[in-house]
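Each value in this text was obtained by applying a stated rule to the coordinates, not by laboratory testing. It should be emphasised that the depicted structure is a prediction, and the values quoted were computed from it without experimental measurement. Glycine also receives a Cβ, built like all others from the backbone with ideal geometry; neighbour counts cover every protein chain displayed.
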Amino acid sequence: MAAAKKVGIITQARTTSTRLPGKVLIEVAGTTLLDHHLDRLAASGSEVFVATTTNAADDPIIDLAERRGLRWFRGSESDVLSRFQGCAEKFGLDVVVRVTSDCPLIDGGVVAGAVAEFLDADDENLYLSNGIRRTFPRGFDLEVFSATALAEADRFATDPAQREHVTPYLYQNAGGHTVVRHLLWPEDKSAYRVTLDTTEDLEVIRRLIEDHGAHRLGCAEIIDLLDDHPEIANLNRHVEQKKLGQ
């Protein structure tokens, strides 16, 4: 019988975001948004690792991770690919789930389902994501791939955008053997933003959590909330997502 694969969720977090500095440490309903994010990931059943930068400004993120008993890794701010590779290598991961801390309402159940689908496929060349062919709202984004594929990307990716955004080398099939598979929501709900990048995004998340208890709801229930409350969804509908390389 083959040995069980070690799966790790690596979340990238920093305090020096340009559009909303310190966003992950903002408190909503008495809890930091990074804590909300990590609480949600804990429901997936996989171990979570926090990958932050070597900047002193990110010391509070390490303090938060240690308070929660989570293992962490510090690496380059701009070369995030090397940061992920360093984290995966340090902790001996076989399968990596990449998420970002600007998704405070990410659904641990969706993450668990993606991990199960990846493991069932048993293909180290598989790249599984719900963010390339987008039908999920922004804010539930995840990618699953093998540590072998990550190491290859780290070895051969040279374009700065490939280094900063971690996975373009994989989903663009730069190595010539990646199998890309898309996780899709039954309906196209990609116009909704439950991600954290601007003050308008923060207001949406604050209302969802404080007025509707969204931190205790799954993706489907949050989508229903946004369907039922267009006045919330419209608060950040105009926000443009930063493009690759920006």
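For segment 55-91, a residue qualifies if it is assigned to a loop (DSSP other than H, G, I, E, B), among the charged types (D, E, K, R) and within 20 Å of T32 (Cα to Cα), and exactly one does: R68. Name the single residue, out of those in segment 119-168 being farther than 30 Å from A233 by Cα and acidic (D, E), that is nearest to the chain's Cα centre (by Cα). Ranking the candidates gives D154 first. Against the test of being out of contact with any Gly (no Cβ under 8 Å at 6 or more places or on another chain), assigned to a helix (DSSP H, G or I) and surrounded by 22 or more Cβ atoms within 10 Å (Cβ to Cβ), the options V166, V144, V111 yield a single qualifying residue, V111. For segment 33-54, the set of residues classified as aliphatic (A, V, I, L, M), outside any strand (DSSP E or B) and under 14 Å from the mean Cα position of the chain (by Cα) consists of L33, L34, L38, L41, A42, listed by residue number.
The set of residues in segment 200-236 that are exposed (fewer than 13 other Cβ atoms within 10 Å of the Cβ) and of a type outside the set (D, E) comprises G213, R216, P230, N234. Looking at segment 111-126 only, could you name the residues that are closer than 13 Å to K6 by Cα and among the small types (G, A, S)? Correct list: A116 only.
Do we have T32 as over 22 Å from V115 (Cα atoms), out of contact with any strand residue (DSSP E or B) (no Cβ under 9 Å at 6 or more places or on another chain), of a type in the set (S, T, N, Q) and surrounded by 15 or more Cβ atoms within 10 Å (Cβ to Cβ) here? For T32, the condition - over 22 Å from V115 (Cα atoms), out of contact with any strand residue (DSSP E or B) (no Cβ under 9 Å at 6 or more places or on another chain), of a type in the set (S, T, N, Q) and surrounded by 15 or more Cβ atoms within 10 Å (Cβ to Cβ) - is met.
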